[in-house]
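Worksheet for the structure shown next.
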Amino acid sequence: MTVRADGYRAEIGPGLCVLLGVVEGDTENGADWIAGKLARLRIFRDEQDKMNRSVQDIGGEVLLISQFTLAGDCRKGNRPSFVAAADPELGVRLYERVGDQLEKTHNVRVKTGVFGAMMEVSLVNDGPVTVIVQRQPGEDQH
């Protein structure tokens, strides 16, 4: 999996490609929760071909890419509304916190995209397995 932006390039081997969207109301506690959930999420196959191993278990990496467009609301009209997206100051702070928590607290190697840049992402879905991990703002921390 790779990400490219303005001469920058990051690549990982086996692991997770995480598109992270930050919305207004997201908090540092929420970022910590997301990092823990990503580190422990059992979505990789074990010896019995069951989804029973985490990125930690396989010694995998995370390619963490900021993606404000995940906050797009398409319920009305034909143009997405991005009013729910966090302002860039909050967005970059929580994006960086997720990466820091993955590395420092959960011992998962992280490579990143470039916050706010136009990026080209390449990945191969092995499975395929694609999941959405989210919490509503104010939702219980557990």
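With the structure loaded, tell me whether residue 2 is farther than 22 Å from residue 121 by Cα, surrounded by fewer than 20 Cβ atoms within 10 Å (Cβ to Cβ) and of a type outside the set (Phe, Trp, Tyr) or whether it fails that test.
Details: farther than 22 Å from residue 121 by Cα: no; surrounded by fewer than 20 Cβ atoms within 10 Å (Cβ to Cβ): yes; of a type outside the set (Phe, Trp, Tyr): yes.
No, not satisfied.
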Task: Filter result for residue 3 (more than 16 Å from residue 106 (Cα to Cα) and either more than 13 Å from the chain's Cα centre (by Cα) or not aliphatic (A, V, I, L, M) (or both)) - done: yes
Open item on the list: Could you go through segment 114-123 and let me know if any residue there is of a type outside the set (Lys, Arg), surrounded by 13 or more Cβ atoms within 10 Å (Cβ to Cβ) and touching a helix residue (DSSP H, G or I) at 6+ places or on another chain (Cβ under 8 Å).
Closed with: yes
- [ ] Run down 38, 90 and say which single residue is out of contact with any strand residue (DSSP E or B) (no Cβ under 8 Å at 6 or more places or on another chain) and of a type in the set (A, V, I, L, M, F, W, C).
- [x] 90
Open item on the list: Need the failing condition index for residue 69 against (1) modelled with pLDDT under 95; (2) in contact with a Gly (Cβ under 8 Å, 6 or more places away or on another chain); (3) part of a loop (DSSP other than H, G, I, E, B), just the number.
Closed with: (3)
Task: Positions within segment 30-55 being within 19 Å of the chain's Cα centre (by Cα), part of a loop (DSSP other than H, G, I, E, B) and more than 23 Å from residue 121 (Cβ to Cβ), in sequence order - done: 42
Open item on the list: Going residue by residue through segment 83-103, is there one that turns out to be at pLDDT 95 or above, of a type in the set (S, T, N, Q) and assigned to a strand (DSSP E or B)?
Closed with: no
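Specify the residue that is nearest to residue 6 (Cα to Cα); the eligible residues are those in segment 87-112 that are surrounded by 12 or more Cβ atoms within 10 Å (Cβ to Cβ) and over 15 Å from the mean Cα position of the chain (by Cα).
From segment 87-112, those surrounded by 12 or more Cβ atoms within 10 Å (Cβ to Cβ) are 88, 90-103, 105-106, 108-112; that's our starting set.
Still in the list and also over 15 Å from the mean Cα position of the chain (by Cα): 88, 90, 105.
On the way: 88: 19, 90: 23, 105: 30 Å.
Ranking the qualifying residues of segment 87-112, first place goes to 88.
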Task: Test set (1) over 18 Å from the mean Cα position of the chain (by Cα); (2) surrounded by 15 or more Cβ atoms within 10 Å (Cβ to Cβ) - residue 71 fails condition number - done: (1)
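Which one of 15, 21, 59, 30 is in contact with a Phe, Trp or Tyr (Cβ under 7 Å, 6 or more places away or on another chain) and either surrounded by 16 or more Cβ atoms within 10 Å (Cβ to Cβ) or at positive phi (or both)?
Values: 15 fails: in contact with a Phe, Trp or Tyr (Cβ under 7 Å, 6 or more places away or on another chain); 59 fails: in contact with a Phe, Trp or Tyr (Cβ under 7 Å, 6 or more places away or on another chain); 30 fails: in contact with a Phe, Trp or Tyr (Cβ under 7 Å, 6 or more places away or on another chain).
From the options 15, 21, 59, 30, the qualifying one is 21.
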TODO: Scan segment 62-110 for residues that are free of Cβ contacts under 8 Å to residues at least 24 places away in the same chain, at positive phi and in contact with a helix residue (DSSP H, G or I) (Cβ under 9 Å, 6 or more places away or on another chain) and report the count.
DONE: 0
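The values are calculated or read from the model by the stated rules, or taken from the named source; none is laboratory data. The model shown is predicted, which means the values in this text are computed figures rather than measured ones. Methodologically, a virtual Cβ is constructed for each residue, glycine included, from the backbone with ideal geometry; neighbour enumeration extends over all protein chains shown.
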